[in-house]
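Read through the structure below, which is laid out as structure tokens, and then see the notes.
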Amino acid sequence: MLDDVTPALPAAPLNLGDYEVWPPVVLAPMAGITNVAFRRLCREQGGGVYVCEMITTRALVERIPKTLKMIEFGADEKFRSLQLYGVDPDVTAAAVRMVAEEGWADHIDLNFGCPVPKVTRRGGGSALPWRRKLFGRIVRQAVQAAAPAGIPLTIKMRKGIDDDHLTYVEAGLIAQEAGVAAVALHARTAEQRYSGTADWDAIATLKQALDVPVLGNGDIWEASDALRMVEHTGVDGVVVGRGCLGRPWLFKDLEAAFAGRTSQELPNLGEVAAIMSRHAHLLVDALGDERHGCADFRKHVAWYLKGFPVGGELRRSLAMVTSLAVLDDLLAQLDGSEPFPRESLGQPRGRINAPGKVSLPYGWLDSRDDDTVPEGAEMENSGG
Ligand SMILES: Cc1cc2nc3c(=O)[nH]c(=O)nc-3n(C[C@H](O)[C@H](O)[C@H](O)COP(=O)(O)O)c2cc1C
């Protein structure tokens, strides 16, 4: 299951407040993906920070049962990392205070990177840093609400709305001034969505501009990419999203690479099938319902099988699975001895959509210093 890769650079632990994180690796928050089941699967492979799905501050404050369920962590999750989405400084601070007082998490990240039109159209996510005063108020109040519990607060953002409306350096400085423990940059604009390549030079620019730790995000497909990003940008840590879809073992490679070891996991199809089955079982346990757990697992099937020679009919059946027994039966039909498809290494996976004009509220770009809370931008549902 192991293969050699190019020699790695040793790196220092990542400091988030009083916490020391080793290796300096973060599983990116991914709505619909990084639930307790997927996090466990990844955590078993290596160290780092494993962020939960995005949680809406409004839903948390209103104690919506589905949202409270989503912030459940495994009993063995030592550094419980929660991502919040909010646009209202008071609601965001109330949500952070709740997390702190109820002892629900050890780390809070704020989402300022979401490019989804229904979010940006109302001034949320990646649209928000443009309104720098409002952005500063949200981050300041959140940091203050987290401080009494010693919870490090971080932010995750994009480069800006588009190439003519870049915000990342200014937003990073505002967040630093507000007292964040670290700043993560997904080095694309909202307009790019997931297209093109991440601009690692922008990550280097941000690292140069800030004193707090900077985390780089975008297009880490293999452990060697993480080391290249560190070398290229000088960042204090890396955030890995799509690269681990269908490949939770990437975190083992990342840990090895940051420790200067030269190994790479290349599971054969039998080993991948065992992980798929375990993933589905964990989802069923987490969701407490077999049909629901299996339905949630379906989106992962194509990622796990990417590049393996598996027939169309078997793939389709796996992607429509309704019970664990059927899943295990179908997985048993795979040829377990198939070696890992090397040609899929280093290739993009997951979302790779086209760029698109960013929907914004009327007049949004004309008034950077307006700190009115945008109406209707507080989503009711978490994980969107
Ligand atoms: C399915 C999916 C869901 C995502 N959900 C979130 C989210 O809830 N919060 C967030 O900050 N970023 C979210 N992202 C963005 C990722 O955290 C990450 O910034 C992005 O995928 C770029 O990193 P990568 O190139 O390593 O994938 C999501 C990405 C994907 C593919």
Inter-residue pairs, beta-carbon under 6 Å, first more than 16 Å from the ligand (Cβ to nearest atom) and in the range 340-357, second among the aromatic types (Phe, Trp, Tyr), 6+ apart: PRO341/PHE308
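If you take just the strands (runs of 3 or more DSSP E) that sit entirely in the range 1-104, which of them hold at least 3 residues that are over 19 Å from LYS156 (Cα atoms), modelled with pLDDT under 95 and not basic (Lys, Arg)? Show your work before the answer.
Details: elements: 2-4, 14-16, 19-21, 25-27, 49-56, 81-85.
Passing ranges, in order: 2-4.
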Complete set of residues in the range 32-48 that are surrounded by 24 or more Cβ atoms within 10 Å (Cβ to Cβ) and within 13 Å of the ligand (Cβ to nearest atom): PHE38
Of the criteria (1) under 17 Å from LEU360 (Cβ atoms); (2) out of contact with any Lys or Arg (no Cβ under 7 Å at 6 or more places or on another chain), which one PRO152 fails: (1)
Any hit, the range 359-379, residues being in contact with a Gly (Cβ under 7 Å, 6 or more places away or on another chain), farther than 21 Å from GLU53 by Cα and open to solvent by 60 Å² or more (accessible area, probe 1.4 Å): no
Residue in the range 126-146 that is closer than 30 Å to LEU283 by Cβ and within 16 Å of the ligand (Cβ to nearest atom) present: yes
Number of positions in the range 203-237 that are β-branched (Val, Ile, Thr) and either part of a loop (DSSP other than H, G, I, E, B) or free of Cβ contacts under 8 Å to residues at least 12 places away in the same chain (or both): 3
Number of positions in the range 168-227 that are at positive phi, touching a helix residue (DSSP H, G or I) at 6+ places or on another chain (Cβ under 9 Å) and within 12 Å of the ligand (Cβ to nearest atom): 2
The range 238-258 residues that are more than 15 Å from GLY346 (Cβ to Cβ), paired with ones that are within 13 Å of the ligand (Cβ to nearest atom) and charged (D, E, K, R) (beta carbon under 8 Å, 6 or more apart): VAL239/LYS156
Selection within the range 178-195 - touching a strand residue (DSSP E or B) at 6+ places or on another chain (Cβ under 7 Å) and either without any contact (Cβ under 8 Å) to a residue 24 or more places away in the chain or not hydroxyl-bearing (Ser, Thr, Tyr) (or both): VAL180, ALA181, ALA182, VAL183, ALA184, LEU185, HIS186, ALA187, ARG188, ALA190
Qualifying helices (runs of 4 or more DSSP H) (wholly inside the range 269-371; at least 1 residues being touching a Ser or Thr at 6+ places or on another chain (Cβ under 8 Å)): 269-287, 290-305, 324-332
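Test GLU255 against the stated conditions and say whether it is more than 13 Å from the ligand (Cβ to nearest atom), within 21 Å of VAL25 (Cβ to Cβ) and not in a loop (DSSP other than H, G, I, E, B). Spell out the reasoning first.
On the way: more than 13 Å from the ligand (Cβ to nearest atom): yes; within 21 Å of VAL25 (Cβ to Cβ): yes; not in a loop (DSSP other than H, G, I, E, B): yes.
Considered against the rule, which asks whether it is more than 13 Å from the ligand (Cβ to nearest atom), within 21 Å of VAL25 (Cβ to Cβ) and not in a loop (DSSP other than H, G, I, E, B), GLU255 comes out as yes.
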Residues satisfying the stated conditions in the range 258-268, i.e. outside any helix (DSSP H, G or I) and open to solvent by less than 10 Å² (accessible area, probe 1.4 Å): PRO267
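Can you list the helices (runs of 4 or more DSSP H) found entirely within the range 106-190 that contain at least 2 residues being crowded, with 24+ Cβ neighbours inside 10 Å? Full working, then the answer.
Numbers: elements: 117-120, 132-146, 168-178.
Ranges flagged: 132-146, 168-178.
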Residue list for the range 275-324, restricted to those being of a type in the set (Ser, Thr, Tyr) and either open to solvent by 30 Å² or more (accessible area, probe 1.4 Å) or over 26 Å from the mean Cα position of the chain (by Cα) (or both): SER317, THR322, SER323
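The values are calculated or read from the model by the stated rules, or taken from the named source; none is laboratory data. Small disclaimer: the values here were computed from a predicted structure and weren't measured. Counting neighbours? That spans all protein chains shown, and the Cβs are built from the backbone with ideal geometry, glycine included. The protein model used for the area step is the full one, side chains on, heavy atoms only, and it has no ligands, DNA or RNA in it. Shrake-Rupley method; radii C 1.70, N 1.55, O 1.52, S 1.80 Å.
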